[in-house]
Amino acid sequence: MTAIHTTISRRRFVRLAGAAGALGAVGMMGCAAQGQAPRGRVVVIGGGFGGATAAKYVKKADPAIDVTLVEQNPKFTTCPYSNLVLGGLRKMEDITFGYGALADKHGVRVVHDAAVSVDPAQRTVRLRGGQTLNYDKLIMSPGIDIRWNALAGYDEAASQVMPHAWRAGEQTVLLRRQLESMPDGGLVIMVAPANPFRCPPGPYERSCMIGHYLKTNKPRSKLLILDAKDQISKQGLFTDAWAKVYPNIVEWVPLSKDGKVTKVDVREMTVETEFGKRHRGNVVNVIPPQKAGAIADAAGVADQTGWCPVDPMTMESKLQKNIHVIGDASNAAPMPKSGFAANSQAKVVATAVVDMMNGRTPGAPAWLNTCYSHVAPNYGISVVNVYRATPQAFVEVQGSGGVSPVQAPPAMRVQEALFADAWYESITADMFG
């Protein structure tokens, strides 16, 4: 009971701290909105956890600013909770949202088109449909792009046979259908990439959700995880869950045990490891190496790593002035590439952009990240961290967070699953409500 009380108290603290931070931000925003702020133009590229939130909060901070959100898709399907679709705990419609409230309730102009180029000198964004948008400040939240052919044999065509499902939507549906079509007794292979990549715990939550589907529907089947690293997020929690919940179903092969896949063969449905061992699967889920979304290269904000270096104090690009990069595309380590981090960054950047456009110096920022993972329908785990900025770096606040205890009673796991569901409802309402 003591452990349960401690964890619930920690969660309550995090939620209260987040609420207090949000109220503080709104308080500052109210002052800006009521003043005689000069009109300006902010363009936001990307309508996910970072972009949709940033557009909303810039407009809330200063209604005199014209805010345009550029997002090519009329609906947004969240990567968080897409693993639960694979496990049968959610449906696609449960994780799909529209942009109507951003326009109707908050006054954001939403343009469903793709940004194809950015001219930082002229401060313009050109869209695929031919329109050109002018900006005073540009906020980019383009998410990830796949490094096609970084893994031998894996290109865009291969993803239609060996889906990555790392951008939720059609790929999620494809992978789910493959699991449904696989015979009982079949083998699912998951290929996990080296760091950095979107959502560090994501492959391992997915392994649990696939494990749950197999245990429930095809108990003679197995899942083999071939991993390009030895250390993973929430490692003790996941290895404990695999042993207790999915014994003889989920097997994890790390880098040191020849887990790194170097080649795939779509025709043969095989993957080959660093030391030449071949594995054949009925279903193969390849999570390939990644980089910032393609528009980041076009805008000149991505460096040789494929990610976007940013000023920790404002998340303004270190390569281009008046462009701020948030979310998965940014290099904000040790902050992870997660939906919660993108949402947190968006609010900080919204406040910073409004301050800068009104001639004020932005305050010192701090960010919160909470990442929940579902192991089973009533079994949740989490990691929590708080970050702050120095002029030189993003810094994790020591002692500010932690992970769920490995040895925890079932009641705690149930509570964390409930917290996860509440978090998802809250953050999607914040983005799209």
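Any residue in the stretch 246-273 that's in contact (Cβ under 8 Å) with a residue 24 or more places away in the chain and over 26 Å from Tyr213 (Cα atoms): show its pairings with residues that are surrounded by fewer than 17 Cβ atoms within 10 Å (Cβ to Cβ) and among the aliphatic types (A, V, I, L, M) at Cβ separation under 7 Å, as long as the two are six or more apart or on different chains.
Here the result reads Thr262/Ala152; Lys263/Ala152, each pair linking the stretch 246-273 to a residue that is surrounded by fewer than 17 Cβ atoms within 10 Å (Cβ to Cβ) and among the aliphatic types (A, V, I, L, M).
Only one of Leu151, Leu187 is under 24 Å from the mean Cα position of the chain (by Cα) and either outside the structural domain of Thr270 (by TED's automatic domain parsing) or closer than 28 Å to Pro289 by Cβ (or both). Can you tell me which?
Numbers: Leu187 fails: under 24 Å from the mean Cα position of the chain (by Cα).
Result: Leu151 is the single residue among Leu151, Leu187 that is under 24 Å from the mean Cα position of the chain (by Cα) and either outside the structural domain of Thr270 (by TED's automatic domain parsing) or closer than 28 Å to Pro289 by Cβ (or both).
Only one residue in Ala341, Ala352, Ala417 is in contact with a His (Cβ under 8 Å, 6 or more places away or on another chain), buried (at least 19 other Cβ atoms within 10 Å of the Cβ), modelled with pLDDT of 95 or more and closer than 23 Å to Gln235 by Cβ, so which one is that?
So the residue among Ala341, Ala352, Ala417 that is in contact with a His (Cβ under 8 Å, 6 or more places away or on another chain), buried (at least 19 other Cβ atoms within 10 Å of the Cβ), modelled with pLDDT of 95 or more and closer than 23 Å to Gln235 by Cβ is Ala417.
Yes or no: the stretch 97-108 includes at least one residue that is touching a strand residue (DSSP E or B) at 6+ places or on another chain (Cβ under 7 Å), surrounded by fewer than 16 Cβ atoms within 10 Å (Cβ to Cβ) and in the same structural domain as Gly47 (by TED's automatic domain parsing). Let's see the steps before the verdict.
Restricting attention to the stretch 97-108, the residues satisfying the condition of being touching a strand residue (DSSP E or B) at 6+ places or on another chain (Cβ under 7 Å) are 97-99, 102-103, 108.
Imposing the further condition that a residue be surrounded by fewer than 16 Cβ atoms within 10 Å (Cβ to Cβ) reduces the set to 98, 103.
The next check asks that each one be in the same structural domain as Gly47 (by TED's automatic domain parsing); those that pass are 98, 103.
Within the stretch 97-108, one or more residues are touching a strand residue (DSSP E or B) at 6+ places or on another chain (Cβ under 7 Å), surrounded by fewer than 16 Cβ atoms within 10 Å (Cβ to Cβ) and in the same structural domain as Gly47 (by TED's automatic domain parsing).
Taking the criterion of being under 30 Å from Arg413 (Cα atoms) and either among the charged types (D, E, K, R) or assigned by TED's automatic domain parsing to the domain that holds Trp423 (or both), would at least one residue in the stretch 349-365 satisfy it?
First pass over the stretch 349-365, keeping only residues under 30 Å from Arg413 (Cα atoms): none.
No, there is no match, as no residue in the stretch 349-365 is under 30 Å from Arg413 (Cα atoms) and either among the charged types (D, E, K, R) or assigned by TED's automatic domain parsing to the domain that holds Trp423 (or both).
How many residues does the stretch 176-208 hold that are farther than 22 Å from Thr262 by Cβ and of a type outside the set (S, T, N, Q)?
At the first step, the residues of the stretch 176-208 found to be farther than 22 Å from Thr262 by Cβ are 176-186, 199, 201, 205, 208.
Now restrict to residues that are of a type outside the set (S, T, N, Q): 176-177, 179-180, 182-186, 199, 201, 205, 208.
Residues flagged as farther than 22 Å from Thr262 by Cβ and of a type outside the set (S, T, N, Q) within the stretch 176-208 amount to 13.
In the stretch 274-303, which residues are more than 30 Å from Gly46 (Cα to Cα) and in contact with a strand residue (DSSP E or B) (Cβ under 6 Å, 6 or more places away or on another chain)?
First, the residues of the stretch 274-303 that are more than 30 Å from Gly46 (Cα to Cα): 274-283.
Hits for the stretch 274-303 are Glu274, Arg278, His279, Arg280, Gly281, Asn282, Val283.
Looking at (1) farther than 19 Å from Trp148 by Cα; (2) crowded, with 21+ Cβ neighbours inside 10 Å, find the lone condition where Arg280 falls short.
Here Arg280 meets the rest and fails (2).
Look at the stretch 318-346 and say how many of its residues are in contact with a helix residue (DSSP H, G or I) (Cβ under 6 Å, 6 or more places away or on another chain) and not in a loop (DSSP other than H, G, I, E, B). First the steps, then the outcome.
Step one: filter the stretch 318-346 for residues in contact with a helix residue (DSSP H, G or I) (Cβ under 6 Å, 6 or more places away or on another chain), giving 324, 326-327, 329, 335, 337, 342-343, 346.
Then drop every residue that is not not in a loop (DSSP other than H, G, I, E, B), which leaves 324, 327, 329, 342-343, 346.
Number of matching residues: 6.
The values are calculated or read from the model by the stated rules, or taken from the named source; none is laboratory data. Just so we're clear, the structure is a prediction, and the values are computed from it rather than from any experiment. Backbone-built Cβ (ideal geometry, glycine too); neighbour counts: all protein chains shown.
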